Amino acid sequence: MTSPILSGCAIALVTVLFMEAVAYGVHRYVMHGIGWPLHRSHHVPRTGLFEANDLYGLLFAGMSLVLILGSSWREMAYWIGIGMALYGLLYALLHDGLVHRRIPFIRAPRRGYLLRLIKAHHIHHAVKTRKGAVSFGFLYAPPVETLARRVRKLPQN
Ligand SMILES: [Zn+2]
Ligand SMILES: [Zn+2]
């Protein structure tokens, strides 16, 4: 019999990966769709410490808390909640902290995957409108050349 903690950690890890797919889908089809009124605040310069778009993060944090607090560590829901919380932490550190410089003591990388992540997300932010954006992932980014090609293919308006 495998230890419940070990299988719990595996569930949490799979949840982290799955959450990137969820976040991609939510970003592309909800935030750049019906949820644009909130997400728009993330595509224009921020005026204060927070932006309306932060509510999306709070919503996911709330769901993760409900799962963790509402179940025991022997249940699957608990570890899904842990995975969601881990994803949220990575999202906050990489997307908000590193890419958008909201955590000032994180140093900008000069090479490697993290630099690619930053460049890819800046390509997403090159489009200021709801439609026409590319690069919706937060922790995974395709090579920058691929994204740049996709942007060039978009109809210019
Ligand atoms: Zn966006
Ligand atoms: Zn962003």
| request: Report, ordered by chain and residue number, the aspartates and glutamates lying within cross-link reach of K128, taken as a straight Cα distance under 19 Å and ignoring same-chain residues fewer than 8 apart. | output: E51, D54, D96
| task | Treating the Cα atoms of the stretch 10-99 as identical point scatterers in vacuum, please give the log10 of the normalised Debye intensity I(q)/I(0) at q = 0.11, 0.14, 0.20, 0.23 Å⁻¹, two decimals. | result | -0.34, -0.54, -0.98, -1.17
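Which number comes out as Rg/Rh for the stretch 95-136 once both Rg and the Kirkwood Rh are worked out on C-alpha atoms? Present the calculation step by step, with values, prior to reporting the outcome.
Values: Rg = 11.2 Å, Rh = 11.0 Å.
Across the stretch 95-136, the Cα-based Rg/Rh ratio is 1.02.
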| field | 0 to 90° range, to nearest 10: angle between helix 76-91 axis and the chain longest Cα axis | value | 30 degrees
| query | How big is D, in µm² s⁻¹, for the chain by Stokes-Einstein at 20 °C and 1.002 mPa s if Rh is the Kirkwood radius over C-alpha pairs? | reply | 126 µm²/s
| task | Towards the positive end of the charge dipole of the stretch 4-153, with charges on Cβ (+1 Lys, Arg; -1 Asp, Glu), say which of G132, G88, F60 has the farthest Cα. | result | G132
| query | Just the accessible area for T2, please: 1.4 Å probe, Å², rounded to the nearest 10? | reply | 100 Å²
| task | Using just the helices of the chain, give the 222 nm mean residue ellipticity in deg cm²/dmol: DSSP H runs with n ≥ 4 each add -39,500 (n - 2.57), and the total is spread over all residues, rounded to 500. | result | -18000 deg cm²/dmol
| said: Are there any chymotrypsin sites (Phe, Trp or Tyr not before Pro) in the stretch 1-86 that are in a DSSP loop and have at most 16 other Cβ atoms within 10 Å? List them by number. | reply: F50, W73
| field | Part-to-part distance (alpha-carbon centres) for the stretch 1-49 and the stretch 92-157, which is given in Å | value | 16 Å
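The values are calculated or read from the model by the stated rules, or taken from the named source; none is laboratory data. Being a predicted model, the structure only gives us computed values, none of them experimental. Positions of Cβ are generated from backbone atoms using ideal geometry, with glycine treated the same way; all protein chains shown enter the neighbour counts. We work out accessible area using only protein heavy atoms, side chains counted, and drop any ligands, DNA or RNA first. Shrake-Rupley method; radii C 1.70, N 1.55, O 1.52, S 1.80 Å.
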